[in-house]
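Encoded as structure tokens, the structure appears first; notes follow it.
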Amino acid sequence: MDWMRNYILFHHKRHPRELGAKDLEAYLNHLVAVRRVSASTHSQVLNAIVFLYRDVLELDLGWMEKLERAKRNQPLPVVLTVEEVRKVRGCI
């Protein structure tokens, strides 16, 4: 997905030079709260936009204090314990 373009469109086509850390926080928080992106996608977007500011525009965003991070899903267990198998078998 073209995160740079979406970031600019989210801010009504304002140039990234006119936007700052608070604007980036708003976009990233929108991705978490509204679009419900995964934690890996959230990190990818953050890194892409930080790259834009740091390496392309040569601007410092500063620290983003109110940044919401996407939560990683808890992995499901691959193997059941003996006690868990007994409980499952007891339900059948």
Meets criteria (within 19 Å of PRO16 (Cβ to Cβ), in a helix (DSSP H, G or I) and at pLDDT 80 or above) for VAL45: yes
Residue selected from segment 22-39 under the condition under 17 Å from ASP2 (Cβ atoms) and not charged (D, E, K, R), by the criterion farthest from the chain's Cα centre (by Cα): LEU24
Verdict on VAL78 being among the hydrophobic types (A, V, I, L, M, F, W, C), loosely packed, with under 13 Cβ neighbours inside 10 Å and at pLDDT 80 or above: no
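The values are calculated or read from the model by the stated rules, or taken from the named source; none is laboratory data. All of these numbers come straight from a predicted model, not from anything done at the bench. With ideal geometry, Cβ positions are generated from the backbone for all residues, glycine too; neighbour counts draw on all protein chains shown.
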